[in-house]
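Here's the structure, in structure tokens; my notes come after.
The values are calculated or read from the model by the stated rules, or taken from the named source; none is laboratory data. Note that this is a predicted model, so its numbers are computed, not measured. Glycine also receives a Cβ, built like all others from the backbone with ideal geometry; neighbour counts cover every protein chain displayed. Remember, those area values only see protein heavy atoms, side chains included, never the ligands or the DNA or RNA. Shrake-Rupley method; radii C 1.70, N 1.55, O 1.52, S 1.80 Å.
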Amino acid sequence: MSTATATRADTTERKGPLRYSRQEMMAIAAGREIKDGELAIFGVGLSLLAGFFAQEHHAPNVRSMTEGGIYGATPIGGLPWGIECNRLSANATSFTGGLDALGFLVASGRVDVGLIGAAQVDKFGNVNTTGIWDRSKGNGLGETYTPPKTRLTGAGGANDIACGAKRTVIMVTHEPKRFVDEVDYISSPGYLEGGDARERYGFVGGGPAAIVTTLGILRPHPETKEFWLDAYYPFSSVDEVRANTGWDLKVFRHARMIAPPTVAEVEALRRVDVTGMLRREK
Amino acid sequence: MSSNKLLTLAEAAQRYAGDGIQYASGAGLPVGADAIAFGRELVRQGRRNLHALFHCNTQQLNLLAAAGTVDKAEVGFSGLEGFGFANGLRRVVEEGKLALEDYSNLAMALRFLGGALNWPFVPATTCIGSDIQHRSAFAPEQYPAIGKIPEISDPFSGRTLGAYSPLKPDLAVIHVTLADPEGNAIMIGSEWSRFELSRAAKRVVLVADHIVDTDCMRQYPNLVRIPGLIVDAVVWWPFSAWPAASPGVHDVDEAHMKLMNEWLATEEGTFRYIDRYIFSYQTVDAYLNLIGQDVISRLEDSPTRFLLDPYRQWILDRAKVEQLQAENHILKRAA
């Protein structure tokens, strides 16, 4: 992974360019989507880091929870191995369970924002985390169900969050194989076929508000719900984002380069990412 | 002691887990507590054709799948969280040897709840509209699947919903932190769906890190989420969750989580794993030696250790637990 370089606007504390990785930019951009005081649910991995970065940096009163029913906890000793890991359980204020977290709090419509990941995402924000099928064999898609060529992790709680959270933020590495016209399997619904398709099912949650990637931020068109490019990073460009997207990505007229991370943001992120997960070469 | 339900691990597996049953694990999530030692025992005893119900996959299902013990499974999540994909499970799924039926994590909890309440179905407001509803590994010829999460209409609003089928497993083997000899139990950490599952299953076996005196339960009755009156047997097996964690007792063994998942990725590796980490022990002592005393000391030095402090005074020592196991004539006669 190349380490991006950006010049910091505020130079009062430190001279020279601030270095950060693309993964760190993605985590910071996703964290910026979380507002102080919100009830927020974080998934395992990157989304935990982005969520707890927000808490550390600009949302100290975020009410964080995981689908395991671990409430009021802040990770210690690095990225937790799971959302119920002892690195989180060590300072929780409440332990409940899945029915409480994903049912009473998410399916009820109380949760403001959920952060989820994706192996594949399509132009309507539908997420696949279940499997990759060999399309040349006509497998998987329609008709007879066959085993996937590559089995992934399944939906977990992400389907429930995608149905129930007021809004979701999808975090995903920006590569053509991940940004596809149609996902192999809808594990967690975005806007389904677009437009008002979600209304057919009466989901209490509003759907994905953003797809935050290693190259930029995509947001849904207000009517068609197709994801368009909303912002790119100091180290990326419209052309690079489009080249790494498997559909003909449209660009909002207001699309712009977003602010690079501040020193305070990078420092806050690294206090959470103690073990440097986001700085590793992939 | 009004009712002593203590059994050894081998006796409990023999008595309650037959071939072909619907077998549910009561666990935390993949990294959290699961009675993985019970799964090792099922492999040792050569169980076949199990229909596994795992709210989330754990290293237990990863092992059972890799070893050919399970041919059908239903899960909400099939990975190992930070430890990646479950290589043993994914291998047999990709080879078509195990039919893996996907649900979501809320769906699995609700299906156990539906079983516990004896409901005919549970209304589904999630999983609908996605391929979890449309595709079924258990009914591969049907697309879209109509029997997995059938469409129903809300009798009040007319809105289209789904219906989850309830689950009533033949056996639930549930990991708990503390149990008394009657089967009253306290779990530390995420309960996940162990409360609902304990009420949904036809038989319940607890696997506890520690056996405590019943006075402990009388001190904290609000925390006893699984009462003895629905429990069939209690097994004491220290580090039964290893290599996963048991909050309050020990951390996850990162190195062994990785080794186990790496070995289960191939058939040869699975044979090697079974030979080295199942057939190599019979007793608790041999099991603990296999983990290694240095590893045990390190894992016990957990930042969650303080969570066990309020209960320590009631923990029965090993001699007492083994005496109770030996005294359990009632269960032995019935068996």
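Of the residues B:VAL234, B:VAL295, which single one is within 18 Å of the chain's Cα centre (by Cα) and not in a loop (DSSP other than H, G, I, E, B)?
Answer to the check: B:VAL234.
So the check is Cβ under 6 Å with 6+ separation or different chains; which pairs have a first residue in the stretch B:234-252 that's surrounded by fewer than 24 Cβ atoms within 10 Å (Cβ to Cβ) and a second one that's of a type outside the set (Lys, Arg) and at pLDDT below 95?
Here the result reads none, with nothing in the stretch B:234-252 linked to a residue that is of a type outside the set (Lys, Arg) and at pLDDT below 95.
Please pick out the residue among B:GLY84, B:GLY88 that is open to solvent by 20 Å² or more (accessible area, probe 1.4 Å), closer than 28 Å to A:GLY78 by Cβ and more than 7 Å from every other protein chain (Cβ to nearest Cβ).
B:GLY84
Being open to solvent by 30 Å² or more (accessible area, probe 1.4 Å), assigned to a loop (DSSP other than H, G, I, E, B) and touching a helix residue (DSSP H, G or I) at 6+ places or on another chain (Cβ under 9 Å) is the filter here, so list the residues in the stretch A:81-113 that pass it.
A:TRP81, A:THR96, A:SER108, A:ARG110
Check B:HIS51 against each of (1) surrounded by fewer than 24 Cβ atoms within 10 Å (Cβ to Cβ); (2) more than 8 Å from chain A (Cβ to nearest Cβ); (3) within 21 Å of A:ASN128 (Cβ to Cβ) and name the one condition it does not meet.
(3)
Taking the stretch B:98-129 as the region of interest, how many residues are at the interface with another protein chain (Cβ under 9 Å from one of its Cβ atoms), within 30 Å of B:THR270 (Cα to Cα) and surrounded by fewer than 24 Cβ atoms within 10 Å (Cβ to Cβ)?
1
Could you list, in sequence order, all residues of the stretch A:192-210 that are without any contact (Cβ under 8 Å) to a residue 60 or more places away in the chain, under 20 Å from A:VAL113 (Cβ atoms), part of a loop (DSSP other than H, G, I, E, B) and facing another protein chain (nearest Cβ under 8 Å)?
The one that is without any contact (Cβ under 8 Å) to a residue 60 or more places away in the chain, under 20 Å from A:VAL113 (Cβ atoms), part of a loop (DSSP other than H, G, I, E, B) and facing another protein chain (nearest Cβ under 8 Å): A:PHE203.
Looking only at the stretch B:266-319, which residues are among the hydroxyl-bearing types (Ser, Thr, Tyr) and either surrounded by fewer than 17 Cβ atoms within 10 Å (Cβ to Cβ) or touching a Phe, Trp or Tyr at 6+ places or on another chain (Cβ under 6 Å) (or both)?
Within the stretch B:266-319, the subset among the hydroxyl-bearing types (Ser, Thr, Tyr) is B:266, B:270, B:273, B:277, B:280-281, B:283, B:287, B:297, B:302, B:304, B:311.
Those that are among the hydroxyl-bearing types (Ser, Thr, Tyr) and either surrounded by fewer than 17 Cβ atoms within 10 Å (Cβ to Cβ) or touching a Phe, Trp or Tyr at 6+ places or on another chain (Cβ under 6 Å) (or both): B:THR266, B:TYR273, B:SER280, B:TYR281, B:THR283, B:TYR287, B:SER297.
Being more than 12 Å from chain A (Cβ to nearest Cβ), crowded, with 16+ Cβ neighbours inside 10 Å and touching a residue at least 24 places away in the same chain (Cβ under 8 Å) is true for just one of B:MET187, B:MET217. Which residue is that?
B:MET217
Would you confirm whether or not the stretch A:57-66 contains a residue that is more than 18 Å from B:GLY76 (Cα to Cα), facing chain B (nearest Cβ under 9 Å) and open to solvent by less than 40 Å² (accessible area, probe 1.4 Å)?
No, because not a single residue in the stretch A:57-66 is more than 18 Å from B:GLY76 (Cα to Cα), facing chain B (nearest Cβ under 9 Å) and open to solvent by less than 40 Å² (accessible area, probe 1.4 Å).
Search the stretch B:190-204 for residues being touching an Asp or Glu at 6+ places or on another chain (Cβ under 6 Å) and buried (at least 24 other Cβ atoms within 10 Å of the Cβ), and hand back the single one that is nearest to the other protein chains (Cβ to nearest Cβ).
So the residue we want is B:SER190.
Conditions tested, residue by residue: (1) surrounded by fewer than 23 Cβ atoms within 10 Å (Cβ to Cβ); (2) charged (D, E, K, R); (3) touching a strand residue (DSSP E or B) at 6+ places or on another chain (Cβ under 7 Å).
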{"site": "A:PHE203", "(1), (2), (3)": "yes, no, no"}
{"site": "A:ALA209", "(1), (2), (3)": "yes, no, yes"}
{"site": "A:ILE217", "(1), (2), (3)": "no, no, yes"}
{"site": "A:THR224", "(1), (2), (3)": "yes, no, no"}
{"site": "A:ASP230", "(1), (2), (3)": "yes, yes, yes"}
{"site": "A:TYR233", "(1), (2), (3)": "no, no, yes"}
{"site": "A:SER236", "(1), (2), (3)": "yes, no, yes"}
{"site": "A:GLU240", "(1), (2), (3)": "yes, yes, no"}
{"site": "A:THR245", "(1), (2), (3)": "no, no, yes"}
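Looking at the stretch A:97-126, which of the residues that are within 18 Å of the chain's Cα centre (by Cα) and facing chain B (nearest Cβ under 10 Å) is nearest to A:VAL44 (Cα to Cα)? It would help to see each step written out before you state the result.
Of the residues in the stretch A:97-126, the ones within 18 Å of the chain's Cα centre (by Cα) are A:102, A:106, A:111-126.
With the extra rule that they be facing chain B (nearest Cβ under 10 Å), the set shrinks to A:102, A:106, A:126.
On the way: A:LEU102: 15, A:VAL106: 17, A:ASN126: 19 Å.
Ranking the candidates gives A:LEU102 first.
Which residues, counting only those in the stretch B:237-268, are on the phi > 0 side of the Ramachandran plot and more than 17 Å from the chain's Cα centre (by Cα)?
B:GLY248
Considering B:ILE174, B:ILE149, B:ILE132, which residue is facing another protein chain (nearest Cβ under 7 Å) and crowded, with 20+ Cβ neighbours inside 10 Å?
B:ILE132 is the lone residue from the list that is facing another protein chain (nearest Cβ under 7 Å) and crowded, with 20+ Cβ neighbours inside 10 Å.
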